[in-house]
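Accompanying notes for the structure given below.
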Amino acid sequence: LADGLAPPRLAGRRLLISAGPTFEDLDPVRFVGNRSSGKMGFALAAAARAMGADVTLVAGQVALATPPGVRRIDVRRAAEMQAAVLAALPGQDAYIGAAAVADYAPAETARQKIKKKEERLALELVRTPDILAAVAAHPQRPRLVVGFAAETADLETYARGKLAAKGLDLIAANDVSRADRGFEADDNALTVFWRDGRHEIAHAPKAQVARALLSLVADRLETGR
Ligand code: CTP
Ligand code: CA
């Protein structure tokens, strides 16, 4: 069908997307964090809105404008991101976890700036909550739960491991060892895996990659698969 004849593919759907890094504070001036510009998650939010969805975007600290028509909730730490995501969960049709959540946070956050003393300093870190796994296991689980996998080796093995371990419907795997995709890049390429299939999304601007991933999401919401 030509553009304008078919209704937008995500019309009437509610999508919750997380994007960007989380920062786990060590003291008032330092943090532990992940590399992430938020560009992929923001591109997904913009594309989902353009495809007719009602979009809520939970964003870590990024230097990006809110896509028009998107409801944005800003957070800093993983714990705050989890609280915001779970609060927005009821009534969502799909959750896409595109955030680069820090896996570990400092065991304690100093109230004053930590002063340099010894030549070596060991930091004690504790695991953060796995937001994606919590959404997938939630009593109000959206029909579709989509994760990302940032890998530098053995893409398929690790991505399929995460798909199964977290109980996801789809996982979009990103080879972050390559400079032309992932992280701060404007382009990306993804391999999407599900239980009994896979789909390659070719190297392209993140806006185009976002539309391709959302079209897999729309297929599944349409067929109820
Ligand atoms: N994720 C999450 N909460 C965390 C860690 C990860 O929601 N505390 C989500 C990410 O947003 C992503 C997916 O889980 O959608 C996979 O993230 P990734 O870092 O690739 O995998 P991990 O499960 O954290 O495993 P590892 O970093 O050891 O590869
Ligand atoms: Ca991780």
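The values are calculated or read from the model by the stated rules, or taken from the named source; none is laboratory data. Keep in mind it's a predicted model, so treat the numbers as computed, not measured. All Cβ positions, even for glycine, are placed from backbone atoms using ideal geometry, and neighbour counts span all protein chains on display. Areas reflect the complete protein model, heavy atoms only, side chains present, ligands, DNA and RNA absent. Shrake-Rupley method; radii C 1.70, N 1.55, O 1.52, S 1.80 Å.
Here are some notes:
- Flag not set for Ala79, criterion: open to solvent by 40 Å² or more (accessible area, probe 1.4 Å) and more than 30 Å from Leu125 (Cβ to Cβ).
- When restricted to residues that are under 25 Å from Glu24 (Cβ atoms) and modelled with pLDDT under 95, the range 124-178 contains 6.
- Hey, Asp154 on the phi < 0 side of the Ramachandran plot, open to solvent by 20 Å² or more (accessible area, probe 1.4 Å) and of a type outside the set (Gly, Ala, Ser) or not: no
- Test: residue in the range 169-192 that is hydroxyl-bearing (Ser, Thr, Tyr), open to solvent by less than 70 Å² (accessible area, probe 1.4 Å) and on the phi < 0 side of the Ramachandran plot: yes
- Failed condition for Lys115, given (1) without any contact (Cβ under 8 Å) to a residue 12 or more places away in the chain; (2) under 24 Å from Ala212 (Cα atoms): (2)
- Remark: Arg76 matches the filter, which requires a residue to be out of contact with any Leu (no Cβ under 8 Å at 6 or more places or on another chain), within 23 Å of Leu64 (Cβ to Cβ) and either polar (S, T, N, Q) or away from ligand 2 (no atom under 16 Å from the Cβ) (or both).
- Among the residues of the range 31-78, just one is within 20 Å of Ala149 (Cβ to Cβ) and either free of Cβ contacts under 8 Å to residues at least 12 places away in the same chain or aromatic (Phe, Trp, Tyr) (or both), namely Phe42.
- Residue check for Ala99: within 16 Å of ligand 2 (Cβ to nearest atom), touching a residue at least 12 places away in the same chain (Cβ under 8 Å) and of a type outside the set (Val, Ile, Thr): yes
- Complete set of residues in the range 88-136 that are open to solvent by 80 Å² or more (accessible area, probe 1.4 Å) and within 16 Å of ligand 1 (Cβ to nearest atom): Asp103, Tyr104, Arg127
- Hits in the range 147-158 (condition: hydrophobic (A, V, I, L, M, F, W, C) and within 8 Å of ligand 1 (Cβ to nearest atom)): Phe148, Ala149, Ala150
- For the range 36-60, filtered to residues that are within 16 Å of ligand 1 (Cβ to nearest atom) and touching a Pro at 6+ places or on another chain (Cβ under 7 Å), the residue that is nearest to Pro90 (Cα to Cα) is Ala45.
- The lone exception for Ala136 - which of (1) closer than 18 Å to Arg14 by Cβ; (2) away from ligand 2 (no atom under 16 Å from the Cβ) it fails: (2)
- Residue among Gly52, Gly60, Gly38, Gly20 that is under 20 Å from Leu213 (Cα atoms) and crowded, with 24+ Cβ neighbours inside 10 Å: Gly20
- Here Thr56 fulfils each of the conditions (1) out of contact with any Lys or Arg (no Cβ under 6 Å at 6 or more places or on another chain); (2) farther than 22 Å from Ala185 by Cβ apart from (1).
- Only one entry in Pro67, Pro8 is at pLDDT below 95 and over 30 Å from Glu124 (Cα atoms), namely Pro8.
- Hey, Ala78 modelled with pLDDT of 95 or more and not β-branched (Val, Ile, Thr) or not: yes
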